[in-house]
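All remarks here apply to the structure that follows.
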Amino acid sequence: MLVMKFGGTSLADRERIDTVVSLVRSRLDRKPVVVCSAHAGVTDLLLQGAHRAAAGEPDLSAVRRREHELLVSLKLSPKLVEDDLERLDQMFRGLALLGELTPRSLDQVAAFGERMSVKAVAAVLRKRRIPATAVQADEAGLVTNGRFGRASPRPEAYTNLARSLRKVKGVPVVTGFIGCDRDGNVTTLGRSGSDYTATIVGRALGVAEVEIWTDVSGVLTADPRTVKDARPVEQLTYAEASELAYYGAKVIHPATIQPAVEKGIPVRILNTLDPTAQGTVIRPPQGRRRPRVTSIASKRGIHLVNIVSGRMLGQSGFMAKVFDAFKRHDVAVDLIATSEVSVTVSVDDTSGLPGVVQDLEAFSKVTVKEGAALVAVIGERMKQASGLAGRVFTAIGEAKVPVLAISYGATKTNLQIVVPEESEKTVVRALHEVLFGDG
Ligand code: ADP
Ligand code: ASP
Ligand code: MG
C-alpha cells in the first residue's frame, strides 16, 4: 500500500486535478490511499470568513464562488458540496449572533475546506473510472487530543483508521488536516496539517511509502522564495527533516515525520508540476554517515528571553526552576544559550510567555526582546564538518548582521543563530552562498 498526499496547490484547478488523477491511476497496483488538503486558498478564505462573521458580517460568498467555479470546471454538480455550504452558512450566522469565535468553532469552520475537496477529488476519480470513496477522517476515527488548532492523534486513532479504511470501496480519498477529540468536537492538526494526516494514515495501514505531492521538486537547500538557486536535496534522514520542518521550512508540517519514524516508512516529497523529477526521500540513514550540511531553514517572530539570576547561575536548582516555568505554561523553547550569569532562550509560540515571565520574575531578572528571527543550518554530524562554524560566522559578519544568540549542540543536527528579523533573508542568502554556492 501507498499513501499519496496532495497539497492545496496540487488541487488548485482543473489542470492540476487532472494530473492528480493520472498520478493515482499510475499507482493503482500499489493500492493507494489518497489524502487531500483543501483547494489552494480555501482554508484562508474560511478563516477570514469566520473572523468577519464573528465581527458581525457573515458572508460565505467568496468560499461558495471558489468551490462552485472549481466544480463547474471539473464538470461536477455544485450540489456535491451544497450540504457543507449550507452548514457553513448556518455557522457563520451563529458566529455573527454570538459575536465571538472560540478555537473550537474556528476548527469546525476550517475543516470544511478538506470536507469539500475530498468529495470533489473522489467524484473526479469515479468519473474517470477509478472507483473511489470520500472519507471524512474524523468519522473514520482519527481521534486527537483536545488542542484545537494544533491537535495530535491519540493512540486509538491508528487502530480506528486501519479498521475503517480497510472497509472502504475503491481508493479512499481522506481529508487531511482534521480529526476530532474524544467528545466528538472537530479538531485540526495545525496549518499544513494534511502532511501529518498522510503519515498518520500511513502508520495506521503500515504502508510501504508515503508520497507528499507539492509544487516543488522535493525539499530544497533553502526556501526557494528567499533563495532563487536553492536546489533539491536527494535524501534526508528523519532527524534532518524533522529539524528542517520545525525550524520553519514550510514544505512539510513539523510533526509529519513522527508517525513515519515509528514504522520506518520512507516519506517522499514530489512535484505535481514535474512528476518525473526525483524529489527527496526521507528515511533512516543509509550506509556510512559522513558529516554534511543539507539545508537552511528560518522562522520569524521569535522572542528572546534573557534571564539573569540574582545569585550564581550555577547554583543548583536554578536551571530546573527556569525550565519548570516554561513547562508550566506549555511554552516550547528552541534555542538555549548560557553564560556565567544568564540564560537566554528563544521562543516561537509566545501565547504563554506572559505567565512564564511572571513566574521567572519571582527569582530572577527577565528581559524579553521581540522581533528576532531564528536561522538554522541543518545537517548530519555537522559538528565534524571542519571549519563550518568559521565559515558561517564570517559570512554573517561580512553581511554586517549582528548575531543575537547562537547554539551549536554537540550531537545536534543543527546550528542555530538568532538575528534581527529584518536581516533574516540577508543571512539565509549569505549562508546559502557560502555553504551551497558554486564556489
Ligand atoms: P502544499 O500546498 O503542497 O502543502 P506548501 O505551500 O505547504 O505546499 O509547501 C510547499 C512550499 O514550501 C514551496 O512552494 C516552497 O515555497 C516552500 N518551502 C519553504 N522552504 C522550503 C524548502 N526548504 N524546500 C522546499 N520548499 C520550501
Ligand atoms: N488546508 C490546511 C491549510 O491550509 C491544511 C493543509 O493544507 O495541509 O493549512
Ligand atoms: Mg503544505
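The figures follow:
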quantity	calculated
Inter-residue pairs, beta-carbon under 7 Å, first not in a helix (DSSP H, G or I) and in the stretch 107-120, second not aromatic (Phe, Trp, Tyr), 6+ apart	Ala111/Ile178; Ala111/Val186; Ala111/Thr188
Residues within the stretch 217-235 that are within 15 Å of Phe436 (Cβ to Cβ) and more than 16 Å from ligand 3 (Cβ to nearest atom), tallied	11
Odd one out for Ser298 among (1) surrounded by 13 or more Cβ atoms within 10 Å (Cβ to Cβ); (2) closer than 21 Å to Tyr408 by Cα; (3) of a type in the set (Ser, Thr, Tyr); (4) modelled with pLDDT under 95	(4)
Subset of the stretch 372-428 (residues that are assigned to a loop (DSSP other than H, G, I, E, B) and closer than 16 Å to Thr221 by Cα)	Gly379, Glu380, Thr413
Where Val233 falls short, out of the listed (1) within 16 Å of ligand 2 (Cβ to nearest atom); (2) under 25 Å from Ile302 (Cβ atoms)	(1)
Residue match in the stretch 261-269 (condition: open to solvent by less than 40 Å² (accessible area, probe 1.4 Å), in contact with a strand residue (DSSP E or B) (Cβ under 9 Å, 6 or more places away or on another chain), farther than 28 Å from Ala110 by Cβ and more than 15 Å from ligand 1 (Cβ to nearest atom))	yes
Residues (surrounded by fewer than 20 Cβ atoms within 10 Å (Cβ to Cβ) and either under 27 Å from the mean Cα position of the chain (by Cα) or at pLDDT below 95 (or both)) located in the stretch 61-72	Ala62, Arg64, Arg66
Selection from the stretch 13-32 of residues that are within 16 Å of ligand 2 (Cβ to nearest atom) and either part of a strand (DSSP E or B) or open to solvent by 20 Å² or more (accessible area, probe 1.4 Å) (or both)	Asp13, Arg16
Given (1) away from ligand 2 (no atom under 16 Å from the Cβ); (2) part of a helix (DSSP H, G or I); (3) open to solvent by less than 10 Å² (accessible area, probe 1.4 Å), number of the condition Ala239 does not satisfy	(3)
Residue count, the stretch 255-266 (criterion: free of Cβ contacts under 8 Å to residues at least 24 places away in the same chain and either part of a helix (DSSP H, G or I) or within 16 Å of ligand 3 (Cβ to nearest atom) (or both))	1
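The values are calculated or read from the model by the stated rules, or taken from the named source; none is laboratory data. Please read all numbers here as calculations on a predicted model, not as lab measurements. Using ideal geometry, Cβ is built from the backbone for each residue, glycine included, and neighbour counts are taken over all protein chains shown. Quick note on the areas: whole protein, heavy atoms, side chains included, nothing else; ligands and nucleic acids left out. Shrake-Rupley method; radii C 1.70, N 1.55, O 1.52, S 1.80 Å.
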